[in-house]
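The values are calculated or read from the model by the stated rules, or taken from the named source; none is laboratory data. Note that this is a predicted model, so its numbers are computed, not measured. Virtual Cβ from ideal backbone geometry, glycine too; neighbours counted across all protein chains shown.
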Amino acid sequence: MIKLLLTILLFLSIIVFAFAFSTLIFPTKSTKKTIIVEGFEDTSGHTIILMGDSILKNDYYVGKDKSVEYFLREKLLSQNGRTKLLNYAVDGATINDVYGQINMLSNDLNSDKTILFLSVGGNNIMDEFVLGNSKNKKMVLEKLAKKYEMLVGTLREKMGNIHIFLLNLYYPLDKKLDGIRQDIQWWNSSLEDDDGLASGIVKLSNIIGGSADDFTLDKSSSYKIEPSAVGGEKIASELYSVITRNV
C-alpha cells in the first residue's frame, strides 16, 4: 500500500513539474505591465497636463460632470483610453501661484509625449483693475507680462521636452467688466508677440464669448465670468483638437 501511495505521489509531482515548466517556456499570458492612473490605462501613451486657474478648474461653479476637465477626459477616453490627464489648476490662481503647480511636476513627465496647457493672468488683471485700483494700466500690464514670461521660462527650464500651449483670455460679456476689455486685448496681443515662448497659443477669445450662455457666475463675486457648462465644453473641444494635432 505504501509503495502504491509513493508511486501516485511521484506521478503527481511529475505532472505538476511538467505544467510549471511548460508555462515558463510557453507563457499563455502577456507579462507586460499596465498602469492604471486616474481612470486611464497607460501603455506608454501621452500625458495631458492642465495648469493655471479656474478656466481649467471650473468644477466648483458647474459641478464635476460639467467641467472642462470632465469634458476633456470623456473625449480622451473615447479616443484610445491610454492618455493620462493630470489637472494641477487651482481656482483663483495668479501667476505667482503657478510656481507651486510647477513644483508638483515629476521628472518622468518631462517627455515629448507630454502636452501642457497653461491658463493664467486673468486673475491678475481682475485683482489690479477690477478689485484693485491701479491707475497706470500700461505699466502694470507690462510688469504682468514680464512676470508671465518668467513663469513660462521657469516651466521650460524644468520641463524642456514637453509641448506647452498657452491659453489667451476670453472677453466676458458682463457689462460690469467692460472696463478691462482693452486690457485683455493688450494681454492677448502680447502673447502673440512673444513668438517662440511656447509651442502654440489656444485662442479662447475666438472660442467662447459669443453668447451669455458661455459664462456662469463667480460665486465669490457678482461677476458672470467663469466658464459655464456650455463654455467649458467649447474649451475642452478646442484643447482636444490641439491634442489630436500633436500626438
| task | Would you check if ILE243 is under 20 Å from LEU76 (Cα atoms) and either in a loop (DSSP other than H, G, I, E, B) or in contact (Cβ under 8 Å) with a residue 40 or more places away in the chain (or both)? | result | yes
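Going residue by residue through the stretch 157-166, is there one that turns out to be free of Cβ contacts under 8 Å to residues at least 24 places away in the same chain and under 30 Å from GLY45 (Cα atoms)?
Taking the stretch 157-166 first, the residues free of Cβ contacts under 8 Å to residues at least 24 places away in the same chain are 157.
Still in the list and also under 30 Å from GLY45 (Cα atoms): 157.
Checked the stretch 157-166: at least one residue is free of Cβ contacts under 8 Å to residues at least 24 places away in the same chain and under 30 Å from GLY45 (Cα atoms).
Restricting the search to the stretch 193-210, which residues are assigned to a loop (DSSP other than H, G, I, E, B) and either in contact with a His (Cβ under 6 Å, 6 or more places away or on another chain) or in contact (Cβ under 8 Å) with a residue 24 or more places away in the chain (or both)? It would help to see each step written out before you state the result.
In the first step, residues of the stretch 193-210 are kept if they are assigned to a loop (DSSP other than H, G, I, E, B); the result is 194-199, 203, 207-210.
If the condition is that a residue be assigned to a loop (DSSP other than H, G, I, E, B) and either in contact with a His (Cβ under 6 Å, 6 or more places away or on another chain) or in contact (Cβ under 8 Å) with a residue 24 or more places away in the chain (or both), then ASP194, LEU197, ALA198, SER199, LYS203, ILE207, ILE208, GLY209 are the ones that fit.
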| task | Kindly indicate whether any position in the stretch 161-178 is loosely packed, with under 15 Cβ neighbours inside 10 Å, within 19 Å of the chain's Cα centre (by Cα) and under 23 Å from ILE49 (Cβ atoms). | result | yes
| task | Please state which one of ILE15, ILE48 is at pLDDT 85 or above and among the aliphatic types (A, V, I, L, M). | result | ILE48
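Per-residue answers, yes or no, for (1) at pLDDT below 50; (2) surrounded by 13 or more Cβ atoms within 10 Å (Cβ to Cβ); (3) more than 26 Å from GLU233 (Cβ to Cβ); (4) of a type in the set (A, V, I, L, M):
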{"residue": "ILE2", "(1), (2), (3), (4)": "no, no, yes, yes"}
{"residue": "LYS29", "(1), (2), (3), (4)": "yes, no, yes, no"}
{"residue": "ILE35", "(1), (2), (3), (4)": "yes, no, yes, yes"}
{"residue": "LYS64", "(1), (2), (3), (4)": "no, no, no, no"}
{"residue": "VAL90", "(1), (2), (3), (4)": "no, yes, no, yes"}
{"residue": "TYR99", "(1), (2), (3), (4)": "no, no, yes, no"}
{"residue": "MET104", "(1), (2), (3), (4)": "no, no, yes, yes"}
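Condition check: assigned to a helix (DSSP H, G or I), of a type in the set (Gly, Ala, Ser), at pLDDT 95 or above and farther than 20 Å from LEU116 by Cβ. Does GLY179 satisfy that? Before you say what the answer is, go through the steps one by one.
Working: assigned to a helix (DSSP H, G or I): yes; of a type in the set (Gly, Ala, Ser): yes; at pLDDT 95 or above: no; farther than 20 Å from LEU116 by Cβ: yes.
No: the conditions fail for GLY179.
Conditions tested, residue by residue: (1) over 19 Å from GLY122 (Cβ atoms); (2) surrounded by 13 or more Cβ atoms within 10 Å (Cβ to Cβ); (3) in contact with a strand residue (DSSP E or B) (Cβ under 9 Å, 6 or more places away or on another chain).
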{"site": "SER199", "(1), (2), (3)": "yes, yes, yes"}
{"site": "GLY210", "(1), (2), (3)": "no, yes, no"}
{"site": "TYR223", "(1), (2), (3)": "no, yes, yes"}
{"site": "GLU226", "(1), (2), (3)": "no, yes, yes"}
{"site": "ILE243", "(1), (2), (3)": "yes, yes, yes"}
| query | Quick one: would you say LYS146 is more than 27 Å from SER106 (Cα to Cα) and without any contact (Cβ under 8 Å) to a residue 12 or more places away in the chain? | reply | no
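Residue by residue, here is whether (1) surrounded by fewer than 18 Cβ atoms within 10 Å (Cβ to Cβ); (2) among the small types (Gly, Ala, Ser); (3) in contact with a Leu (Cβ under 8 Å, 6 or more places away or on another chain); (4) at pLDDT below 95 holds:
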{"site": "PHE117", "(1), (2), (3), (4)": "no, no, yes, no"}
{"site": "ASN124", "(1), (2), (3), (4)": "no, no, yes, no"}
{"site": "LEU131", "(1), (2), (3), (4)": "yes, no, no, yes"}
{"site": "LYS137", "(1), (2), (3), (4)": "yes, no, no, yes"}
{"site": "LEU141", "(1), (2), (3), (4)": "no, no, no, no"}
{"site": "MET150", "(1), (2), (3), (4)": "yes, no, no, no"}
{"site": "MET159", "(1), (2), (3), (4)": "no, no, yes, no"}
| remark: Scanning the stretch 113-128 for residues that are over 15 Å from the mean Cα position of the chain (by Cα) and of a type outside the set (S, T, N, Q) gives GLY121, GLY122, ILE125, MET126, ASP127, GLU128
